[in-house]
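Inspection log for the structure reproduced underneath, given as structure tokens.
The values are calculated or read from the model by the stated rules, or taken from the named source; none is laboratory data. Bear in mind that the values here come from a model prediction, so they are computed numbers and not experimental data. Methodologically, a virtual Cβ is constructed for each residue, glycine included, from the backbone with ideal geometry; neighbour enumeration extends over all protein chains shown. Surface areas here come from the heavy atoms of the whole protein model, side chains and all, with no ligands, DNA or RNA. Shrake-Rupley method; radii C 1.70, N 1.55, O 1.52, S 1.80 Å.
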Amino acid sequence: MRLLSRKATCNTHGQDSSYFLGWQEYEKNPYDEIKNPTGIIQMGLAENQLSFDLLESWLANNQDASGLKKDGQSIFRELALFQDYHGLPAFKKAMVEFMAEIRGNKVTFDQNKIVLTAGATSANETLMFCLAEPGEAFLLPTPYYPGFDRDLKWRTEVEIVPIQCTSVNDFKITAPALEEAFQEAQKRNLRVKGVLVTNPSNPLGTTITRNELNLLLSFITEKGIHLISDEIYSGTVFSSPGFVSIMEVLKDRNCESTQVWNRVHVVYSLSKDLGLPGFRVGAIYSNDDMVVSAATKMSSFGLVSSQTQYLLAALLSDKKFTRNYILENQTRLKQRQQLLVKGLEKAGISCLKSNAGLFCWVNLKHLLSSNTFDAEMELWKEIVHQVRLNISPGSSCHCTEPGWFRVCFANMSEETLNLAIQRLKSFVESMNNNRSHHQLLKNSRRSKSLTSKWVFRLSFDHDRESEER
């Protein structure tokens with residue numbers, strides 16, 4: 001008799017992915033400007049640390065909220081006691097208004113249709129439990145966030161079937177790719193329950209176009225399936241084209257009275273836009289009352305603390321602050337992204353053109369020893385152990401092409417980013433010099449070989465001429 005469950009002993013969590021292994025290497029030798037200046041710089045973690053000063057300034061000027069007070073009086077006891085899992089009404093109201101503000105108020109959200117969860121991880125898993133049975137499938141465009149192999153599959157036992165996107169069209173979603181993924185699922189006897197996309201994309205750092213969103217809605221309408229739009233990076237869009245939410249496209253297509261209205265669900269979180277992953281604040285938004293009801297019940301396994309809700313309700317309700325924060329944060333993200341892109345360009349490295357997110361999709365194909373994923377892993381290990389940078393290989397994101405890497409830029413100081421760029425530049429120069437040296441040796445050997453052959457041929461011809469005479 002087994003003492004532990006199958007779930008406890010199975011190896012399907014995804015912890016052995018190079019995405020997580022890079023973190024483990026970083027933790028063994030973390031960079032510190034003073035204590036460990038030769039350590040590994042963490043560029044595999046999509047955190048936004050660029051605007052903490054704005055948040056800290058607000059907290060300093062709003063000590064009632066940070067001190068759990070109301071009108072100068074402590075409400076600690078009230079917040080410390082049991083709270084209903086529906087969430088604090090004031091926070092839910094502030095949350096949906098903030099979501100609308102990020103989307104330019106082109107769409108509005110009903111606070112009765114939002115479910116609070118302990119981060120986007122919990123939100124996505126909860127939606128899997130609500131929408132699919134074990135052994136059923138969701139289609140995801142590649143490359144996708146490596147954590148989805150854990151978030152969507154591990155406990156739910158839902159399968160992921162990739163929608164294969166390529167660099168030929170900058171990894172955009174196409175109708176043939178959608179249909180091919182659907183047919184692949186059917187070949188595997190998997191019932192497809194929906195499509196899940198991240199918009200803006202993680203790891204690409206690009207927004208999904210309106211044409212792609214229309215294509216997705218047409219596809220799920222035809223197939224009678226769900227669409228989940230994970231919009232956790234919606235507030236990080238720093239340049240054109242602007243962000244278009246799936247809810248905006250639904251509204252433009254007048255879908256309110258159609259069945260597809262209830263089959264589109266949005267995931268959101270404050271982890272990226274506000275840089276608060278430690279606060280564990282996520283949300284599901286759905287027009288389907290049954291999904292909202294079921295997800296609300298499930299949220300009791302991962303609630304947002306009432307103290308967190310109270311503090312953030314006050315912060316998000318300060319419209320002057322949120323308006324300034326969104327604009328300033330986007331400005332800082334743009335400046336930091338440009339610093340990385342231009343620095344890499346000087347090292348002869350190109351990136352996919354991006355307009356959002358906390359990372360760049362970097363092309364290192366020219367550094368591979370061969371066009372294989374084995375060569376990608378060899379290069380990744382060199383970068384982690386020799387260059388001492390933890391970046392995420394494209395294979396961990398299920399990219400179909402070797403040589404792409406996700407490189408984060410918002411979780412460190414500008415000085416640290418410049419150091420990381422310099423390390424990578426030196427590595428590239430070293431590789432180029434080694435290749436030049438190897439080529440010279442190769443040419444030299446070839447030249448010697450040709451010389452020997454000619455000497456032998458001349459000697460042979462001379463001997464033969466002597467015999468003929």
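Summarising the amide proton neighbourhood of residue 50: residues at separation of 5 or more, or on other chains, whose placed amide H is nearer than 5 Å comprise an empty set.
Around the amide H of residue 191, modelled in the peptide plane, lie the amide H atoms of 137, all under 5 Å away and 5 or more residues distant in sequence or on another chain. A 1.4 Å probe run over the range 317-425, with the rest of the protein chains in place, finds 41 Å² accessible per residue.
Ordered by solvent-accessible area of protein heavy atoms (1.4 Å probe), largest first, the residues 361, 154 come out as 154, 361. Here the range 251-353 has 53 percent of its accessible surface on carbon and sulfur atoms, given a 1.4 Å probe and all protein chains in place.
Couplings 3J(HN,Hα) for the range 333-338, derived from phi with the Karplus relation 6.51 cos²θ - 1.76 cosθ + 1.60 (θ = phi - 60°), are 4, 4, 4, 5, 5, 5 Hz, where x marks Gly and Pro. Multiplying the residue separation of residue 400 and residue 334 by 0.36 nm and removing their Cα-Cα distance gives an extension gain of 20.9 nm. Atom-type composition of the exposed protein surface of the range 1-90 places 54 percent of the accessible area on carbon and sulfur (1.4 angstrom probe).
Note on residue 300 and residue 56: the model spin-label points, each 7 Å out from Cα along the C-beta direction, lie 4.1 nm apart.
For the peptides 59-70, 98-109, residues were scored by their other Cβ atoms within 10 Å and the scores averaged per peptide; the highest-first order is 98-109, 59-70. Taken per residue, the accessible surface of the range 87-243 reaches 35 Å², heavy atoms only and a 1.4 Å probe. Taking all protein chains as shown and a probe of 1.4 angstrom, residue 431 keeps an accessible surface of around 30 Å². Ligands, DNA and RNA left out, the accessible area of the range 137-181 computed with a 1.4 Å probe is 52% carbon and sulfur. As a rough guide to protection, the peptides 379-385, 32-38, 47-53 ranked by mean Cβ packing within 10 Å, highest first, stand as 379-385, 47-53, 32-38. For residue 163, which sequence-distant residues (separation of 5 or more, or a different chain) have an amide H within less than 5 Å of its own amide H, given hydrogens modelled in the peptide plane? Placed amide hydrogens put 140, 142 under 5 Å from residue 163. To the nearest 0.05, how large is the calculated FRET efficiency for residue 431 and residue 346 if R₀ is 22 Å and r is the Cβ-Cβ distance? So the FRET efficiency works out to roughly 0.90.
The string of couplings for the range 10-26 from the Karplus curve (6.51, -1.76, 1.60, θ = phi - 60°) is 6, 10, 10, 5, x, 5, 8, 5, 4, 4, 7, 5, x, 4, 4, 5, 4 Hz, one whole number per residue in order, with x for Gly and Pro. Rounded to the nearest 10 degrees, what's the angle between the helix 306-317 long axis and the longest principal axis of the chain, both from Cα atoms, 0 to 90? Once rounded, one gets 90 degrees.
List the lysines whose Cα lies under 30 Å from the Cα of residue 365, skipping any in the same chain that are fewer than 8 positions away. The qualifying lysines are 28, 172, 272, 334, 342, 346, 353, 381, 425, 442.
Karplus-derived 3J(HN,Hα) values for the range 151-157, using 6.51 cos²θ - 1.76 cosθ + 1.60 with θ = phi - 60°, are 4, 8, 10, 4, 8, 7, 6 Hz; glycine and proline are entered as x. Between the beta carbons of residue 289 and residue 11, assuming R0 = 30 Å, the FRET efficiency works out to 0.20 to the nearest 0.05. Counted by Cβ distance under 14 Å from residue 134, the other residues give a net charge of +1, where Lys and Arg count +1 and Asp and Glu count -1. In plain terms, the chain from residue 86 to residue 415 could stretch by 114.1 nm, reckoned as 0.36 nm per residue minus the Cα-Cα distance.
Among beta bridges from DSSP that stay inside the chain, the antiparallel ones total about 50%. With both residues required to sit in the range 152-267, DSSP beta bridges show an antiparallel share near 0%.
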